[in-house]
Structure formats: structure tokens, C-alpha cells
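Taking it in order: structure first as C-alpha cells, then the write-up.
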Amino acid sequence: MNIYVGNLAYSMTEDELREVFAQFGEVSRVNVITDKYSGQSKGFGFVEMPDQAEAEAAIKSLDGSEVKGRNLRVNEARPREERPRRRF
């Protein structure tokens, strides 16, 4: 299951986010979204967990919990919508 994690501390690393979710089971992938120009975190990311039950337990437990002084928003990620390509 692909999980959206919002309201991350800007200093949160992918390894730290993996540790938070690893308490609930296997984590196959972690991606903290960063600004392509500055490299600064945008304050959200995605965690992939292969086991549905473990992922649901993580969502239920972590949504609203405080990590690094921020209350996380955690839910199942929605499929990415196709956006029209910009033409210059």
C-alpha cells in the first residue's frame, strides 16, 4: 500500500521516516518530496508497505501523532492525477 505522510518536519530524512513506519512492519520504499531547485523538503512524502494489514495499522496509529514537533497527517495515497503538460 502506498501511504501519504504530510506535515513532516523539514529536517526529517527518509531514514528517519522509515524508522517511524518500520515499527509496524516491512517498509519497501520511502520518498520524502524535495524542491527540485533548492533540495529543501516540501514537508510531505510517501511510504510503501507491502502488507495491507501492517500499512493500515501504521495509518491508524500514526495519523495525528507527533514526530519531531509536528502532528503527522497519514492516509492512503490517492492515485496521481494526470496533469496537462506545460508548453513553452
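The values are calculated or read from the model by the stated rules, or taken from the named source; none is laboratory data. In this text, all values refer to a predicted model and were calculated from it rather than measured experimentally. In this analysis, Cβ positions are derived from the backbone assuming ideal geometry, glycine residues included, and neighbour counts consider all displayed protein chains.
Brief remarks follow.
- For the stretch 39-57, a tally of residues being aliphatic (A, V, I, L, M) and either under 9 Å from the mean Cα position of the chain (by Cα) or over 12 Å from ASN2 (Cβ atoms) (or both) returns 3.
- For PHE88: the one exception among (1) at pLDDT below 95; (2) among the hydrophobic types (A, V, I, L, M, F, W, C); (3) under 15 Å from the mean Cα position of the chain (by Cα): (3)
- Looking across the stretch 30-88 at every residue that is aromatic (Phe, Trp, Tyr) and over 15 Å from ALA9 (Cα atoms), the one that is surrounded by the fewest Cβ atoms within 10 Å (Cβ to Cβ) is identified as PHE88.
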